[in-house]
1. Based on the Cβ-Cβ distance from residue 191 to residue 138, what FRET efficiency comes out when R0 is 30 Å, to the nearest 0.05?
2. Against the longest principal axis of the chain, how steep is helix 127-141, in degrees 0 to 90 to the nearest 10, with axes from Cα atoms?
3. Using the alpha-carbon atoms, what tilt in degrees (0 to 90, nearest 10) does helix 234-244 show relative to the longest principal axis of the chain?
4. What does the C-alpha gyration tensor say about the overall shape of region 152-220? Classify as rounded when a/c is under 1.5, otherwise prolate if a/b is larger than b/c, or oblate.
5. Using a 10 Å cut-off on Cβ atoms, rank the peptides 242-250, 98-106 from the highest mean neighbour count down.
6. I need 1, 314 ordered by Cβ neighbour count within 10 Å, fewest first.
7. Against the longest principal axis of the chain, how steep is helix 27-40, in degrees 0 to 90 to the nearest 10, with axes from Cα atoms?
8. Remind me, relative contact order of the chain in percent, using alpha carbon pairs under 8 angstrom and six or more residues apart?
Ligand SMILES: [Fe+2]
């Protein structure tokens, strides 16, 4: 599977490949990446990221939040080594902290891999997924409005066009491209202040970073780009209190919206692993899911920067772009 994905990322004999790992990396993935790269004929190095130094940020719920700390600790020798590589296999998640932007700008491809080997084996990036993602992106790119409805009561409208697309197909195959194996999804960010309506998270919908399924429906009232009310029972109380802990109005803003595009991704995966083992890429990618999210848009070039970011992959939604249905009650519509 590693050979397949590395070849999909256009790793070739003589290219420089760096496997970036840390204390949290899966050791099987470290070894598999190195061996597969060498089998292809790449010049493979391993870089072990230092433990973050300097003041540690503590998240409002008491856990250390490593994404607030630069993953590479500003170590110029490491940054320059990664910039000199053709591709970095990132087994730690360096996308927070700003260093990755400099590395990509140097032309280095970056493939993030954090799911356990069993998930990677089932959910290998394929050219079929890539084509499906790229054609969905072509449709989303020209959309002016997205309208999302569901039998559970969702009815959300957002205007589009102000921000770029998020396009993931699990292959870092272009100069400077970042991607995350496994994943298959497209999304964009609503025009400022445009998201209005209702989102009803139904039983079985997923909330990340909780890495859990909703058991009691949550009704989100959304006005002018922000969630203004959260109604429901236990799950609504939990979500509201979590978001309020950040003491940041921007936590309630609507962030990226889009849909999942891989038949290899499983809605059930989240329930089959220990939370510490997985990162929710199945939930973000399963075919025909709608992903609603909250919080920042600075990754897309907006000004909203908040530590509270929640992805909420949902089932059985209908997504229409300028009136054209692209997902019908959770089933992908092919055009
Ligand atoms: Fe997200």
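Derivation of every value follows stated rules applied to the coordinates shown; laboratory data play no part. In this text the structure is predicted, and so the values were computed from the model without any measurement. In this analysis, Cβ positions are derived from the backbone assuming ideal geometry, glycine residues included, and neighbour counts consider all displayed protein chains.
1. 0.90
2. Between the helix axis and the principal axis of the chain, the angle is about 50 degrees.
3. Roughly 70 degrees, rounded to the nearest 10.
4. In terms of gyration-tensor shape, oblate.
5. Order by mean packing, descending: 98-106, 242-250.
6. 1, 314
7. Helix 27-40 sits roughly 60 degrees off the main axis of the chain.
8. 14
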